[in-house]
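The values are calculated or read from the model by the stated rules, or taken from the named source; none is laboratory data. What you see is a predicted model, and the numbers here were worked out from it, not measured in a lab. Here the Cβ positions follow ideal geometry from the backbone for every residue, glycine too, while neighbour counts run over all protein chains shown.
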C-alpha cells in the first residue's frame with residue numbers, strides 16, 4: 001500500500017533538491033530505505049549460489065528482447081528483473097528510489113528534470129554506462145518510428161540530452177510532477193548506445209545482475225550472474241533459467257515434481273492441495289492486478305454507451321470472485337485503480353449485478369435483446385474462460401446472449417487482444433494514475449484496447465500532470481475514474497491477488513513490491529535459494 005507521500009515524490013515541507021542532494025551524500029541507494037533493503041529483524045540474510053528455475057506463464061513465440069515490447073510476465077521478469085536496470089525503481093511502498101540515477105532534481109514548474117548518473121556502472125560487455133546510453137535508451141521509446149509500448153507515456157518528453165558524461169537533462173512539453181516515478185516503468189531498461197544513436201537491444205546486454213546466455217522466444221531463457229554487478233545485496237543465485245509453461249496444469253506439475261522452483265499464476269482451485277504438498281509453499285500478495293473485459297467502442301454494438309452499461313450491470317462480480325478466484329481477490333467496480341492506491345475515488349457508486357438495470361440500458365439503446373461474442377483464453381488470466389461462462393449465465397436474466405469463444409493461448413495477445421471486439425484481458429499495477437491512464441485509456445495510448453476517446457478525460461489527464469496541489473490532483477483523478485466507470489469501454493469485474501507457488505528452498509524478502517507480480521518483477525535479483 002502506498003503511503004501518504006507516494007504521489008508527491010518527496011512529501012511536503014522538504015525541498016526536493018535538498019532531500020535528493022542529502023540522499024546522494026549518504027549513498028543515495030540505501031538512504032531512501034523502503035522495501036528494497038531487508039529489515040534487521042527480517043528473515044535470514046540471503047545466501048549466494050544455486051540455479052533458480054522458474055516455470056512461467058506469459059510467454060509467446062512473438063516475444064522480443066526489446067524491452068519496449070515486453071508485455072507479459074516472462075519477458076518483464078527476464079528484462080526488467082534480470083538483464084537491465086532503470087534510472088529509477090520503486091520501493092515496497094511505491095516510492096521512487098535511485099537505481100542508475102544517483103539523484104535528480106526538477107524545476108519549479110516540473111518541466112525540466114536533471115538526473116545525475118552513477119559512475120563506473122558496467123554493461124555486460126564491459127562498456128561503462130554513460131549519459132549517451134541513457135539518452136539513446138529513452139529515445140528508443142520516442143518518435144514516430146518507435147514501436148515501444150511505452151511510446152504514448154513518453155510523448156510528453158520534448159527533448160533528452162546529455163549535459164556531460166554523467167548528467168542527463170529531460171525537457172517536457174508540459175510539467176509533470178511524477179516524471180521520476182514514470183521512469184521506473186518496466187519498458188525503460190537502459191541499454192548500450194550504438195554509434196548512430198540507436199540502442200543494442202538485440203543482444204540483451206544491460207547493466208543488470210544477470211547476463212543473458214540463451215534465449216528462445218516463447219520457450220526458455222538462461223542467464224548467469226554478472227560478476228561485476230554494481231548493486232550491493234542483490235543477484236544472489238549463480239544462474240537463472242526461465243521456462244515457458246503457459247498451461248497451468250503442466251506448470252503446477254513441474255513445481256510438484258521439482259523440475260522448477262517457482263511458478264506464477266497458480267490454479268486457484270488447487271491452492272489448498274498445493275499447500276499440503278511437502279516442500280511447497282504458496283506466496284500470495286495483495287496487489288493491483290485486475291481482470292478486464294475490453295470492448296472496442298468504435299465497433300457496433302459497443303459504440304453505444306448504453307450497450308456498454310448494460311453489459312456492466314449484467315455481470316455478477318461476486319460470483320467471479322467466488323468461483324474464479326476462490327476468494328483470492330476482491331470485486332472490481334470498472335475502475336482500474338486499486339482501493340489501496342492514493343487518489344482512489346472511494347465515492348464511486350458500486351456497479352453491482354442488476355439485470356433490470358441492464359435491461360433499462362438496453363432499451364435506451366433501442367434493443368430488447370443483445371447477442372455478442374466474448375473471446376476468452378486462460379492466456380489472459382487463469383480462469384478467464386470459466387469467467388466468461390459465468391458471465392454468459394448471469395447475462396441471460398438481462399436478455400443478453402453471450403457466445404463464449406475459446407481462443408488458443410499461443411498468439412492470444414497478438415491475434416485476439418485489441419483486435420476482437422470483446423475479449424478477456426488483465427492488467428498489473430502502474431506507479432501513478434498518469435502512467436495507468438496514459439498507457440491504456442487516453443486517446444492514442446500505446447496499449448489502448450478499447451479505442452475510447454473521451455475529450456473531457458483527455459483534457460483532465462493533461463491538467464493533472466503539472467498539478468502540485470494534492471487536493472486538486474485528487475479531485476481530477478477522481479473525476480477521471482468516474483468517466484472510465486460510466487463511459488469507458490472496459491468492464492473490470494475483479495482485482496486478483498498474485499498467487500505464486502514456490503519450492504521451500506526459495507526465500508523472498510519479508511516485504512515484496514505489490515505493483516507487479518513476482519515481487520514487482522524483481523524476483524530474479526531479489527530472491528535466493530537457501
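What the table shows:
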item	result
Any hit, the stretch 219-227, residues being under 20 Å from residue 259 (Cα atoms) and in a loop (DSSP other than H, G, I, E, B)	yes
Those helices (runs of 4 or more DSSP H) lying entirely in the stretch 447-530 with at least 1 residues in contact (Cβ under 8 Å) with a residue 60 or more places away in the chain and touching a helix residue (DSSP H, G or I) at 6+ places or on another chain (Cβ under 8 Å)	470-487, 517-521, 523-526
Answer from 91, 72 - the residue that is in the same structural domain as residue 522 (by TED's automatic domain parsing), closer than 25 Å to residue 290 by Cβ, surrounded by fewer than 23 Cβ atoms within 10 Å (Cβ to Cβ) and in contact (Cβ under 8 Å) with a residue 12 or more places away in the chain	72
Residue among 429, 489, 444 that alone is at pLDDT 95 or above and outside the structural domain of residue 78 (by TED's automatic domain parsing)	489
Tally, over the stretch 166-197, of residues that are touching a residue at least 12 places away in the same chain (Cβ under 8 Å) and farther than 17 Å from residue 86 by Cα	9
Enumeration of residues in the stretch 252-269 that are at pLDDT 95 or above and either more than 15 Å from residue 506 (Cβ to Cβ) or in the same structural domain as residue 326 (by TED's automatic domain parsing) (or both)	252, 253, 257
Positions within the stretch 422-444 being surrounded by 22 or more Cβ atoms within 10 Å (Cβ to Cβ) and in a loop (DSSP other than H, G, I, E, B), in sequence order	424, 429, 430, 431, 432, 442
All positions within the stretch 28-69 that are at pLDDT below 90, surrounded by fewer than 23 Cβ atoms within 10 Å (Cβ to Cβ) and in contact with a strand residue (DSSP E or B) (Cβ under 7 Å, 6 or more places away or on another chain)	28, 29, 32, 34, 43
Which numbered condition residue 284 fails, given (1) under 20 Å from residue 520 (Cα atoms); (2) assigned to a loop (DSSP other than H, G, I, E, B)	(2)
Strands (runs of 3 or more DSSP E) lying entirely in the stretch 102-211 (those with 1 or more residues that are modelled with pLDDT under 95, in the same structural domain as residue 233 (by TED's automatic domain parsing) and in contact with a strand residue (DSSP E or B) (Cβ under 9 Å, 6 or more places away or on another chain))	none
Which listed residue is modelled with pLDDT under 95, in the same structural domain as residue 415 (by TED's automatic domain parsing) and more than 13 Å from residue 496 (Cβ to Cβ), from 363, 342, 359	342
Test: residue in the stretch 318-326 that is part of a loop (DSSP other than H, G, I, E, B) and surrounded by 20 or more Cβ atoms within 10 Å (Cβ to Cβ)	yes
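Here is a yes/no grid of residues against (1) under 24 Å from residue 383 (Cβ atoms); (2) crowded, with 24+ Cβ neighbours inside 10 Å:
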position: 287; (1), (2): yes, no
position: 300; (1), (2): no, no
position: 304; (1), (2): no, no
position: 310; (1), (2): yes, yes
position: 316; (1), (2): yes, no
position: 333; (1), (2): yes, no
position: 346; (1), (2): no, no
position: 352; (1), (2): yes, no
